[in-house]
Each structure stands twice: as structure tokens, then as C-alpha cells.
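Visitor: Can you read through this structure? Questions will come right after.
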Amino acid sequence: MPRPLFAYVPNRALQQFTRVRRTSGGTKDSYGDATFTENQTAGFRGMFQIAGKPNQTVTIAGNEVRYDAVCYMAATMAVGEDDVLLFGSSSATTISTRYRVNGVVTVYDGSIIDHKQVFVSQEVR
């Protein structure tokens, strides 16, 4: 069985990042706001490419998605549109740049899944 082309990218060429998945607690705090927790999973690797201009758009499944950067990662990476990716420093979240996931596209190389393109926008400007 052929390997995906993305698997041949050397590990040292890939940037390390952290995925943050927010889960709802289902309760309200003393201000009446919904509570939630953020679960971090570190050690993911991929390539990060800044968009040519701010708020660039791409059409995914008939929907226009705005993004500031594209992340290329292995097809087995579990990432969803409610997640946040931390780049810059995957171990110290206070100095990392948070990117909200706006869209995910699975890229095929013939009949096998090669990699994922994750369209993200910077959370705080």
C-alpha cells in the first residue's frame, strides 16, 4: 500500500503545535455565563503558512470561509471546527498565538488521504 506523500516530509521541517478543545461544563457561573473547560493536547506537528492577505476567503462545501493562515498536517490529526491551535510556543500557552479553526479540508492523492488543510484565523489581533 502506498504511503501518503505528506509522510515523507522530514519531522524537523514541521512545526510543533498544541490543539485546544473546548468542552462545555453544562452549568452557569455566578454571573450567569456558561462554564467550559479547555483540554490541551500537545506534540502535534505540521506546516504553517500565512495567507497572502488578511481575511482571505476560500469556498468549502459551498460556504465561504475567511482565514489568516493555512496549516498542513497529517490526515490522522483529529481537528474540528470548534478547536483552537496554538503556535509559537507549544509548551507555554501565554506566549503562543491562538488560531481558531474555521474550516478543514481533507486532501486526497489519488485514492489515499494525503493530508489535511486547516484554515485558521488569529483569535486576538
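Visitor: What pairs come up if the first residue lies in the range 108-125 and is at pLDDT below 90 and among the charged types (D, E, K, R), the second is in a strand (DSSP E or B) and open to solvent by 30 Å² or more (accessible area, probe 1.4 Å), and their beta carbons are under 6 Å apart, counting only those six or more places apart or on different chains?
Guide: Asp114/Val107; Glu123/Arg98; Glu123/Arg100
Visitor: Conditions first: (1) free of Cβ contacts under 8 Å to residues at least 40 places away in the same chain; (2) open to solvent by less than 30 Å² (accessible area, probe 1.4 Å). Thr97 passes all but one, so which condition is the exception?
Guide: In the conditions (1) free of Cβ contacts under 8 Å to residues at least 40 places away in the same chain; (2) open to solvent by less than 30 Å² (accessible area, probe 1.4 Å), Thr97 misses (2) alone.
Visitor: How do the strands (runs of 3 or more DSSP E) wholly within the range 1-61 filter down when requiring 2 or more residues that are closer than 20 Å to Gly88 by Cα and open to solvent by less than 60 Å² (accessible area, probe 1.4 Å): which remain?
Guide: Correct list: 15-28, 34-50.
Visitor: Which one of these does Val79 not meet: (1) modelled with pLDDT of 85 or more; (2) open to solvent by 40 Å² or more (accessible area, probe 1.4 Å); (3) in contact with a Leu (Cβ under 8 Å, 6 or more places away or on another chain)?
Guide: Every condition holds for Val79 apart from (2).
The values are calculated or read from the model by the stated rules, or taken from the named source; none is laboratory data. Every value quoted in this text rests on a predicted model; they were computed, and no experiment measured them. All Cβ positions, even for glycine, are placed from backbone atoms using ideal geometry, and neighbour counts span all protein chains on display. The accessibility values were calculated without ligands, DNA or RNA, using every heavy atom of the protein model including side chains. Shrake-Rupley method; radii C 1.70, N 1.55, O 1.52, S 1.80 Å.
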